[in-house]
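**Student:** Below is the structure I would like to discuss, written out as structure tokens.
The values are calculated or read from the model by the stated rules, or taken from the named source; none is laboratory data. Quantities reported herein were computed from a predicted structural model and do not represent experimental measurements. Positions of Cβ are backbone-derived with ideal geometry, glycine not excepted, and every protein chain shown enters the neighbour counts. Accessible surface areas use protein heavy atoms only, side chains included; no ligands, DNA or RNA. Shrake-Rupley method; radii C 1.70, N 1.55, O 1.52, S 1.80 Å.
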Amino acid sequence: MPGGADDDYRVVIDEDSLDWRDADDDELGHLVHLFAELLAPFADGRQAAVMIPAYSVECWEQVTLADLAYTQDRRVPRDDRVRLARLLDKCRAIEPVEEDLSPTVRIGGMSVEPSFGLGHVVARARTGRSMSCLIVPRGPRPAGWATVESDAGPVELHLLTDPGAAPLFWRGVIGREQVPEREFFVLADRAFPGLVYADDLAFRHFDGSYEDVRSWLVDLLGAISDDFADVLTRHKGDQNQVMAVFSARGLDISPESPQTRKNASAWDQRLVTYKGHDYRCEWHGKRLWDRDRVHFSLPIPEHGNRVLIGIFTEHLGT
């Protein structure tokens, strides 16, 4: 969406975490692979940036970041090296400016001399933009959303150290920036990768306003995306066990009742067309006991076992 939340970069590489000169053979290969895994969800020409000084960082003996695509090394598989170089080519190159140069910051009570990348993330986060600093971790590191303290005051930002954390970052963007309704589905594919969506979903179908439902919806869609398929499998389809797992997280989900299934008119309301095929959205999540429902399907094998979010509604017939 032009001019929307998707048009400017949010992830910046911490170049200080790319110095692997003391890594042993096995660790070096792992670090190159991990760097690519961290960067892959964001390297599309818009979402990720690299500070120009990062290209001069010596990753290992006489091999700078800029040399990766051309330097053969038995410790680093060619496919990983070439993949990483191609991902870096899709990042925006940013020249540091004075605002990016902070003498020290404190993360989790620890003082850190920030890299150009971390300094740039801090500076942009101060403008109110949700930002993430990509750090290739070696050992325990702060991760996820964190408060960074400096002489200019605290600022909240995201530390990306786990490839699986990309959806959590986007969910944080939706909540922290209170993204407007028109931008919600711009970010939804990234925030909830285990889901697909019916074409006619609209927030106006809820009784509550978009502002009323947004936080609940992020929690619900996140839990369905992350865990619904696995919980069903783990509990062998036992609906009560599935409901209990979600209830423990403060989410009310349930399958349609036998009464609803016997009501032909009501049961047909749960039938949703997606990509030319009909799917029954036989589960639903409730915001309130009497209104605001999200109806969704069982995992769909032909769509990568993802779940179809089929209906936003105040309440369907039963």
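**Student:** Counting only helical runs of four or more DSSP H residues, what would the 222 nm mean residue ellipticity of the chain come to if each run contributes -39,500 (n - 2.57) and the total is spread over all its residues?
**Tutor:** Roughly -9000 deg cm²/dmol at 222 nm, from the helical runs in the chain.
**Student:** Between the range 178-243 and the range 14-82, what's the alpha-carbon centroid distance in Å?
**Tutor:** Centre-to-centre distance over Cα atoms comes out at 35 Å.
**Student:** Positive end of the charge dipole of the range 114-167 (Lys, Arg +1 and Asp, Glu -1 on Cβ, about the Cα centre): tell me which of Thr127, Ala166, Trp145 has its Cα farthest that way.
**Tutor:** Ala166
**Student:** Whole percent per 5 Å bin, from 0 to the bin with the longest distance: what is P(r) over all C-alpha pairs of the range 9-114?
**Tutor:** Percent of Cα pairs in each bin: 2, 12, 21, 24, 18, 14, 7, 2, 0.
**Student:** Please compute the modelled spin-label separation between Ser56 and Arg138, points set 7 Å along Cα→Cβ, answer in nm with one decimal.
**Tutor:** So the two model labels end up 2.1 nm from each other.
**Student:** Say a paramagnetic label sat at a point 7 Å from the Cα of Thr273, along Cα to Cβ; which residues of the range 181-207 have their backbone N under 20 Å from it?
**Tutor:** 196-202
**Student:** What shape does the range 115-163 take by its C-alpha gyration tensor, where a ≥ b ≥ c are the square roots of the eigenvalues and a/c under 1.5 counts as rounded, a/b above b/c as prolate, and the rest as oblate?
**Tutor:** Cα axes put the range 115-163 in the prolate bin.
**Student:** Out of residues 5 or more away from Thr64 or on other chains, whose amide H comes under 5 Å of its own, with H placed 1.01 Å from N in the peptide plane?
**Tutor:** Cys59
**Student:** Which shape class applies to the chain: rounded if a/c is under 1.5, otherwise prolate when a/b exceeds b/c and oblate if not, where a ≥ b ≥ c are the square roots of the Cα gyration tensor eigenvalues?
**Tutor:** Note, shape of the chain comes out prolate.
**Student:** Kindly express, to the nearest 10 degrees and within the range 0 to 90, the angle between helix 78-89's C-alpha long axis and the longest C-alpha principal axis of the chain.
**Tutor:** Helix 78-89 sits roughly 90 degrees off the main axis of the chain.
**Student:** Taking the range 72-127 as the region of interest, what is the percent of Cα-Cα pairs per 5 angstrom bin, listed from the shortest bin to the one with the maximum distance?
**Tutor:** Pairs per bin, as whole percents: 4, 16, 16, 15, 11, 14, 14, 8, 1.
**Student:** For Asp73, Asp162, write out the residues from largest to smallest accessible area, computed with a 1.4 angstrom probe and no ligands counted.
**Tutor:** Correct descending sequence by accessible area is Asp162, Asp73.
**Student:** A further question follows. Starting from 0.36 nm per residue, how many nanometres of slack lie between His315 and Gln239 once their C-alpha separation is accounted for?
**Tutor:** Length gained between His315 and Gln239: 25.2 nm.
**Student:** Using only the alpha-carbon atoms, how far is helix 166-176 inclined from the longest principal axis of the chain? Give it as 0 to 90 degrees, nearest 10.
**Tutor:** That works out to roughly 70 degrees.
**Student:** Specify the longest stretch of the chain that does not include any exposed loop site, a site being one of the GluC sites (Glu not before Pro) with a non-H, G, I, E, B DSSP assignment and at most 15 other Cβ atoms within 10 Å.
**Tutor:** With a cap of 15 other Cβ atoms within 10 Å, the longest stretch comes to 178-313.
**Student:** From the phi angles alone, apply the Karplus equation (6.51, -1.76, 1.60; θ = phi - 60°) to the range 197-203 and give each ³J(HN,Hα) in whole Hz, x where the residue is Gly or Pro.
**Tutor:** Residue by residue, the range 197-203 yields 10, 5, 5, 9, 4, 8, 5 Hz.
**Student:** Contour minus end-to-end for Ala264 and Leu288, with contour as 0.36 nm per residue of separation and end-to-end as the Cα-Cα distance?
**Tutor:** Stretched out fully, the Ala264 to Leu288 stretch lengthens by 6.1 nm.
**Student:** Given the options Ser265, His235, Ala54, identify the residue whose Cα lies farthest towards the positive end of the charge dipole of the chain (+1 on Cβ of Lys, Arg; -1 on Cβ of Asp, Glu).
**Tutor:** Ser265
**Student:** Please find the FRET efficiency linking Asp79 to Asp44, where r is the Cβ-Cβ separation and R0 is fixed at 22 Å, and quote it to the nearest 0.05.
**Tutor:** On the way: r = 20 Å, r/R0 = 0.92.
Step by step, r from the Cβ atoms, then E = 0.65.
**Student:** Further question: For the range 74-198, what is the percent of antiparallel DSSP beta bridges, rounded to the nearest 5?
**Tutor:** Bridges in the range 74-198 that DSSP calls antiparallel: roughly 75 percent.
**Student:** At a Förster distance of 41 Å, what's the computed FRET efficiency of Glu99 paired with Glu302, Cβ-Cβ distance as r, to 0.05?
**Tutor:** Computed FRET efficiency for Glu99 and Glu302 comes out at 0.25.
**Student:** Note the angle between two axes, namely the Cα long axis of helix 181-191 and the longest principal axis of the Cα atoms of the chain, as a number of degrees from 0 to 90, rounded to the nearest 10.
**Tutor:** The angle comes out at about 70 degrees.
**Student:** I've got another one for you. For the range 211-318, what does the alpha-carbon gyration tensor say about shape, rounded, prolate or oblate, given a ≥ b ≥ c as the root eigenvalues, a/c under 1.5 as rounded, and a/b over b/c as prolate? Write down the numbers at each step before the final one.
**Tutor:** Values: a/c = 1.27, a/b = 1.07, b/c = 1.19.
In terms of gyration-tensor shape, rounded.
**Student:** Run through the range 10-59 and list the trypsin sites (Lys or Arg not before Pro) located in a DSSP loop whose Cβ has at most 13 other Cβ atoms within 10 Å.
**Tutor:** Taking the range 10-59 and a limit of 13 other Cβ atoms within 10 Å, the loop trypsin sites (Lys or Arg not before Pro) found are Arg21.
**Student:** Take every Cα-Cα pair in the range 269-318 and report what % of them are more than 13 Å apart.
**Tutor:** 55
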